[in-house]
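We did not get these values from a lab; they are worked out from the coordinates using the rules stated. Since the model is a prediction, treat every value here as computed from it, not as a measurement. Virtual Cβ from ideal backbone geometry, glycine too; neighbours counted across all protein chains shown.
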Amino acid sequence: MAGRYDSNPFAEEETEVNPFSDPAVRGKAPSPSSYSGGAFYTTNPGSVAPATNSRLKPLNPEPADYNYFGATVDIPLDASTDLKKKEKELQAKEAELRRREQEVRRKEEAAARAGIVIEEKNWPPFFPIIHHDITNEIPVHLQRMQYVAFSSLLGLVACLSWNIIAVTAAWIKGEGVKIWFLSLIYFIAGVPGAYVLWYRPLYRAFRKDSALNFGWFFMFYIIHIGFCILAAVAPPIVFKGKSLTGILSAIDVIGDHTLIGIFYFIGFGFFCLETLVSIWVLQQVYMYFRGSGQAAEMKREAARGAVRSAF
């Protein structure tokens with residue numbers, strides 16, 4: 001029978017060796033009671049020296065640095081000075097704008113007290129070039145006449161525009177460039193001239209009931225009607241009359257160019273219609289002028305003007 005204290009034949013052989021132990025006892029496993037504080041001791045303290053601690057010495061602590069890149073940030077000392085300077089400049093500009101606004105308001109109030117009306121351009125809506133507000137500025141009983149007079153102005157624009165088209169076609173067919181230049185002059189001078197010379201005075205006469213404006217309207221509107229009659233006839237007095245699409249020019253052109261002759265006949269119809277509308281406007285305005293007593297007022301103003309010029 002095996003001994004009571006014999007080793008276990010099936011137990012694994014202790015092969016681990018403490019590298020820090022003494023070479024004389026290397027190969028012997030230390031007992032559990034021999035480990036203390038990271039050092040091994042054998043059961044025989046006289047035969048084995050204690051082993052040193054195998055842990056590395058920690059590094060010295062470094063001072064904390066919250067700047068990741070270790071670079072300093074330079075803040076200019078004059079930043080606040082620049083901000084104050086810009087703030088003062090903005091305040092000065094604001095004060096200047098406020099002063100100009102007060103000056104404009106003062107001028108508007110002075111003009112309103114003097115009876116001067118500041119007219120804002122509002123027509124045509126897509127590209128305003130004139131002030132035109134019949135509904136709000138013309139009395140209700142005169143609005144119909146004013147609308148017809150405005151239609152007469154637009155009719156003149158249509159007549160002169162079609163005249164340019166017809167004369168351009170005649171020029172292409174060999175009638176000469178002079179008639180084309182004349183048709184262009186008729187349009188450039190006729191449309192603004194009609195607005196300034198007779199339509200605007202009529203608008204102001206109806207709005208302010210001014211006898212002087214009525215006088216300007218009658219004088220230049222008669223000239224307008226005379227031009228429309230001349231254009232509708234187109235006598236051969238200026239470059240054989242072909243610069244205007246009248247009846248005589250249409251008869252002369254249609255023999256050579258049928259299409260151009262048709263253009264001229266259409267222009268003749270436009271000028272005839274414009275003449276009829278203009279005559280109706282003149283008649284209606286004259287009836288109102290006589291019935292409202294503006295004729296007598298105009299005579300009195302003319303007499304006072306003659307007296308003032310005499311003295």
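Would you kindly derive the ³J(HN,Hα) couplings of the stretch 218-231 from the backbone phi angles with the Karplus curve 6.51 cos²θ - 1.76 cosθ + 1.60 (θ = phi - 60°), listing them in order in whole Hz, with x for Gly and Pro? Running phi through 6.51 cos²θ - 1.76 cosθ + 1.60 with θ = phi - 60° gives 4, 5, 7, 6, 5, 5, 4, 5, x, 5, 4, 5, 4, 5 Hz. Sequence-ordered 3J(HN,Hα) estimates for the stretch 132-145 from the Karplus curve with 6.51, -1.76 and 1.60 and θ = phi - 60° stand at 8, 8, 5, 4, 9, 10, 9, x, 4, 6, 10, 5, 5, 4 Hz, glycine and proline given as x. Taking θ as phi - 60° and the Karplus parameters 6.51, -1.76 and 1.60, the scalar couplings of the stretch 202-207 work out to 5, 4, 6, 5, 5, 6 Hz in sequence order, x denoting glycine and proline. Amide hydrogen proximity for Trp123: with H placed 1.01 Å from N in the peptide plane, the residues at 5 or more positions away or on another chain lying under 5 Å are Ile129, Ile130, His132.
Shown is the FRET efficiency for Lys84 and Glu108, computed with R0 = 51 Å from the Cβ-Cβ distance and rounded to the nearest 0.05: 0.90. Expressed in units of 2.2 N^0.38 Å, where N is the residue count, the Cα radius of gyration of the stretch 158-230 is 1.41. Here is the list for the stretch 119-191: chymotrypsin sites (Phe, Trp or Tyr not before Pro) lying in DSSP coil, each with at most 12 other C-beta atoms within 10 angstrom of its C-beta, are Phe126. By the scheme Lys and Arg +1, Asp and Glu -1, what is the net charge of all other residues having a beta-carbon under 15 Å from that of Thr258? Net charge around Thr258: -2. Normalised by 2.2 N^0.38 Å, with N the number of residues, the alpha-carbon radius of gyration of the stretch 218-284 equals 1.18. Given R0 = 25 Å, the distance between the Cβ atoms of Leu259 and Ser161 translates into a calculated FRET efficiency of 0.85.
Estimated from the Cβ-Cβ distance and a Förster radius of 30 angstrom, the FRET efficiency linking Tyr147 and Ile223 is about 0.85.
Give me the net charge of Asn122's neighbourhood, meaning all other residues with Cβ under 13 Å from the Cβ of Asn122; Lys, Arg count +1, Asp, Glu -1. Let's see the in-between values first.
Numbers: positive: Lys121; negative: Glu119, Glu120, Asp133, Glu137.
My count for the surroundings of Asn122 gives -3.
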